[in-house]
Amino acid sequence: MPNNDIIFSVKDYRGKEVIFTRKKWKQKKNDHPELQKKEFIECLKRAIMKPDEVWENFGDKRKRCYYKKYSQFTYAKAIIWIKHRPCQVITAFEIDTIKEINYPNLKKFV
């Protein structure tokens with residue numbers, strides 16, 4: 001994949017490469033306008049590299065939810081497809097709660 005097709009590439013807390021493609025960014029930026037803010041993208045990278053919490057995804061165990069505090073009241077959340085190599089950001093957005101806490105059967109990784 002040419003470099004101009006990738007918004008960013010970082011190593012996650014496990015040392016695995018995670019990419020956010022321009023194609024996926026274009027698909028998601030209108031629904032999640034925070035993806036157009038440089039400071040949010042930087043927080044998103046930190047969420048992947050040094051997350052505050054990582055949870056199993058409720059609907060699909062091939063995905064994980066990475067969280068990082070973004071503001072006093074919100075988190076940056078990245079949903080990562082972990083079965084690909086490299087792993088890929090499926091979507092990302094600002095959210096005020098860690099919803100996975102409400103599901104006792106979900107595994108917390110960090």
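Within the stretch 33-58, being part of a loop (DSSP other than H, G, I, E, B) and more than 11 Å from the chain's Cα centre (by Cα) holds for Lys37, Lys50, Asp52, Asn57, Phe58.
Please find, among Lys61, Lys23, the residue that is basic (Lys, Arg), exposed (fewer than 13 other Cβ atoms within 10 Å of the Cβ), at negative phi and not in a loop (DSSP other than H, G, I, E, B). Even if it seems obvious, please write down each step before you answer.
Working: Lys61 fails: not in a loop (DSSP other than H, G, I, E, B).
Residue meeting the stated conditions: Lys23.
Restricting attention to the stretch 64-73, the residues that are buried (at least 17 other Cβ atoms within 10 Å of the Cβ) and outside any strand (DSSP E or B) add up to 1. Of all residues in the stretch 83-110, those that are in contact (Cβ under 8 Å) with a residue 12 or more places away in the chain and closer than 28 Å to Ile6 by Cβ have Cβ atoms under 6 Å from Cβ atoms of residues that are assigned to a loop (DSSP other than H, G, I, E, B) and of a type in the set (A, V, I, L, M, F, W, C), 6 or more apart or on another chain, in Glu100/Leu106.
Scanning the stretch 66-93 for residues that are within 8 Å of the chain's Cα centre (by Cα) and either modelled with pLDDT under 95 or not aromatic (Phe, Trp, Tyr) (or both) returns Ala76, Lys77, Ala78, Ile79, Ile80, Val89, Ile90, Thr91, Ala92.
Give the stretch 1-20 a look and list any residue that's surrounded by fewer than 16 Cβ atoms within 10 Å (Cβ to Cβ), aromatic (Phe, Trp, Tyr) and in a strand (DSSP E or B), or say none. Hit for the stretch 1-20 is Phe8, nothing else. Of the residues that make up the stretch 94-107, is at least one surrounded by 15 or more Cβ atoms within 10 Å (Cβ to Cβ), at pLDDT below 95 and touching a helix residue (DSSP H, G or I) at 6+ places or on another chain (Cβ under 7 Å)? Yes, some residue in the stretch 94-107 is surrounded by 15 or more Cβ atoms within 10 Å (Cβ to Cβ), at pLDDT below 95 and touching a helix residue (DSSP H, G or I) at 6+ places or on another chain (Cβ under 7 Å).
The values are calculated or read from the model by the stated rules, or taken from the named source; none is laboratory data. No experiment lies behind these values; they were computed from the predicted model shown. Cβ atoms come from the backbone with ideal geometry, glycine included; neighbour counts cover every protein chain shown.
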